[in-house]
1. If we hang a label 7 Å off Cα along the beta carbon direction at B:Asp242, how far is it from the matching labels on the other copies, in nm, shortest first?
2. In nm, give the distance between the simple-model label positions of B:Asn126 and B:Gln17, each being 7 Å from the Cα along the Cα-to-Cβ direction.
3. What does the accessible area per residue of the range D:140-197 come to in Å², with a 1.4 Å probe and no ligands, DNA or RNA counted?
4. How much area per residue is accessible in the range B:37-86 when the probe is 1.4 Å and only protein heavy atoms are counted (Å²)?
5. Using Stokes-Einstein with the Kirkwood hydrodynamic radius over Cα pairs, what translational diffusion coefficient do you get for the range A:161-206 at 10 °C and a viscosity of 1.306 mPa s, in µm²/s rounded to a whole number?
6. Can you list the copy-to-copy distances for B:Glu57, using a point 7 angstrom from Cα toward Cβ, in nanometres, shortest first?
7. Starting from the 7 Å offset along Cα-to-Cβ, what nm value, one decimal, do you get for the label separation of C:Arg92 and D:Asp28?
8. According to a simple spin-label model (label point 7 Å from Cα along Cα-to-Cβ), what is the distance in nm between C:Asp55 and D:Asp54?
There are 4 protein chains.
Amino acid sequence: MPDQIHVLVWGENRHEQVEPHVAAIYPDGMHSTIAAGIAENLGDRARVTTATLDDPEHGLTEEVLTELDVLVWWGHAAHGEVSDEVVERVHRHVLSGVGLVVLHSGHWSKIFKRLMGTTCSLRWRNAQDRELVWTVDPTHPIAGGVPSPIVIDSQEMYGEFFDIPAPDELIFISSFTGGEVFRSGCTFRRGNGKVFYFSPGDQDYPVYHHEDVRRVIANGVAWAHNDRPRALPTVLRSETDDLGNGHGQPGGHGHVSVE
Amino acid sequence: MPDQIHVLVWGENRHEQVEPHVAAIYPDGMHSTIAAGIAENLGDRARVTTATLDDPEHGLTEEVLTELDVLVWWGHAAHGEVSDEVVERVHRHVLSGVGLVVLHSGHWSKIFKRLMGTTCSLRWRNAQDRELVWTVDPTHPIAGGVPSPIVIDSQEMYGEFFDIPAPDELIFISSFTGGEVFRSGCTFRRGNGKVFYFSPGDQDYPVYHHEDVRRVIANGVAWAHNDRPRALPTVLRSETDDLGNGHGQPGGHGHVSVE
Amino acid sequence: MPDQIHVLVWGENRHEQVEPHVAAIYPDGMHSTIAAGIAENLGDRARVTTATLDDPEHGLTEEVLTELDVLVWWGHAAHGEVSDEVVERVHRHVLSGVGLVVLHSGHWSKIFKRLMGTTCSLRWRNAQDRELVWTVDPTHPIAGGVPSPIVIDSQEMYGEFFDIPAPDELIFISSFTGGEVFRSGCTFRRGNGKVFYFSPGDQDYPVYHHEDVRRVIANGVAWAHNDRPRALPTVLRSETDDLGNGHGQPGGHGHVSVE
Amino acid sequence: MPDQIHVLVWGENRHEQVEPHVAAIYPDGMHSTIAAGIAENLGDRARVTTATLDDPEHGLTEEVLTELDVLVWWGHAAHGEVSDEVVERVHRHVLSGVGLVVLHSGHWSKIFKRLMGTTCSLRWRNAQDRELVWTVDPTHPIAGGVPSPIVIDSQEMYGEFFDIPAPDELIFISSFTGGEVFRSGCTFRRGNGKVFYFSPGDQDYPVYHHEDVRRVIANGVAWAHNDRPRALPTVLRSETDDLGNGHGQPGGHGHVSVE
């Protein structure tokens, strides 16, 4: 099926290996549970694969990224072990058009901080708060098919101030038992790529088994998919009356490469 | 086909009746040319009909609007003849989820001013300027499949300051021979409805025969379509621990109606 | 002092007249308490006066508005009694450059709905919730000098979905005891005017005596003040090579009036 | 004067040393001309100093940055010679609250790319285009006191697509003789810092002697100044019912440091 979205769910896959209570919740790894939720919602529209930190080059080779449409990222304990070279590679592919969905503790991943330019720090507490996820942009496709609020009975608290650029679109705002609030669903366009950050989900709680959370992640994947030809935005010298072109290359969307 | 987008192109249809040079460019009326461009691009995805000012209730009855997905609006000389009652009706349906694509001189229509809350005034000149339409949001679906810039050889000039709210998304910026610039492609979300304003197009120029302009308008229609159940956002009294509900009605997206 | 900001606090002044418990909280009227909070914070920088619904023309004559820099609006039970003519007058002055600070139940005032173009509806409950007001834009001058969160021990709940256009700047998000969230501090630029909406405050609670709430309202007044010459944005016909001008009038910011 | 804004204009200062025609336009260096324009407009409100690439640590030591309010950046030919360590230091200080004004070819500086997270690439041509700078946000303080358009008779062309995140506020759009457009005045909030990018200005043209350009840069400096206490946003563990605090440190704006 030529129109299928190729999705890769990247998981750190460390908590599951060393913490029995995490393995009990996610026996096949968190990445597998997340991938299953996407496949369940997108069906034939998507082809979903997984990769983990311990794969060669973390499973994120040039070949893999070239074939990819949307990358979903979950990491937490081992952000520092992700190689800088791979982060630069992923960054280049996102700016060239690969969609990126960053989940929960991925807020502090190298790739998210690289794209945001800020500390991406926040307030947190692991104390079984109830999280309510309220829709504030009811027309957005990412909010389709889920109630407002989504009720997550038990979850880590993430609170403001969340040090990100003002999102292009703010879709969800969460509250927690303690009274904290969080911009929990945000979109950002960077280069030719679309980025969605969604905070619900943690290794200590079965959040990725939650039907509505799975639906939002799948919606995010569909939204982040961009079917234009891949190109890294590049400085382009443009002659007068040579509109849309530069150095003889064909034009289009200003992302023509020049040497 | 249950998934077809039902599109209605509304045209004022006055210039075509009284000005031979306009009739020569648009022999079936501007609305028909605009409708043909949408049908040509969306094919089976859309069912496209037209209505004009002189139809009973301007062709915008409660029944028509209830069945509609996206309304495309072109008006110019007779904005004042559009009945206030119909404008309020269209406004209510847009806030309930009908998509709206406003073209060119529609910037000064009652419905666009009603939705924007500003004067929607601008700078203009009718002197055969060349318009260049540059994409500044290359990831946006509305910019799909068109070059940057779109070159329109001869066109009315619309320039800044364009008195609109800052758009949610700025997709296109135009320049003109005289050096003026204009935010020519803008999106706005209002209530449960999505609004796209696109400025190229005028009765004195064959702009709606331009392949790229037709593609953008069709893209705008597809984007403005929102398949959620229709509902006007309504004040909702909500009891403690009655999350997502109000007065016993079912919840969902905060647009529950109450009596 | 020529640089003083002239501020007018407009109050509906009805609850105070008929409900003893409101009069007990606000013995001089809510507008007086709000005005005192602004004066206390801005000192010599502002000259603060008040007007109420029952004043002739609601105290909002052409003369008053022409002299004004910033209008602060509180209304609730009697929105429908505000004359449409006065609303159109205020609307014109805001688009011409008068700043507007809309408080709490003013979300449903004619002037706010006129400027927003949406229903401005929301979720609510009057049940002594605790409101926490979190800063999400720590660089914004309106958030200066207040803690995050501001704690309001007892307050009416306002919750999402709040049917407003996406704000230009989202400064505060509130949570309530029941778990609801609300975009409680938002800015909007409309024409040449700046609008700030701030939701804390209600007739049944002593919120306008709260030191931090008073500080935010005063900050909002200072922010909404715009010292440019007043002008309503107007359609302007502009000749080629007559940059910045139209019909012989001097240019500047595109808000030149033409006849 | 305790309330003075301390401004540092940083200049690469290379073209001036090796190209006689640049030295002829800017005999004291571009940084000195830029600094003079700021001082001329802000008067006693600002204390303006300069530093250049060849100063020890580029003149951007920890001590200098700690005392600074706003940094103005001009670089072009030698972006690669700016030390990564200094860039990280400036980045940290901007996120902590130092204002940053980036000029023209500074779009490709390490610090701007670090803050934006994108390539910051664009279209360009050095062919003596006329640049017109149109105001699209007439209420913004940065647009105060200048005409729309600002006319720059001769200037390098910078055109779209400009690969930046959608700006928080778009203040100016430029057009050029060739018909290109550019988002020439943009604001971005990052952490506790405010960033203004303004494109007019080049070593080959006397743009920094232009009265209106000098006014905009000075306005940008005044806007970027943030008088709150400096703090880098930091991850904060927060106990239930310990609102606004974390690990015993005092709260405030969510940017409390923790160890």
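The values are calculated or read from the model by the stated rules, or taken from the named source; none is laboratory data. As the structure is a prediction and not an experimental result, all values here were calculated from the model. Every residue, glycine among them, receives a Cβ derived from its backbone with ideal geometry; neighbour counts consider all protein chains shown. Quick note on the areas: whole protein, heavy atoms, side chains included, nothing else; ligands and nucleic acids left out. Shrake-Rupley method; radii C 1.70, N 1.55, O 1.52, S 1.80 Å.
1. 3.7, 6.3, 6.9
2. 1.8
3. 14
4. 48
5. 133
6. Taking the point 7 Å beyond Cα along Cα→Cβ, the inter-copy spacings are 4.0, 6.3, 7.4 nm.
7. Result: 5.0 nm between the two label points.
8. Reported label-point gap for D:Asp54 and C:Asp55 is 6.5 nm.
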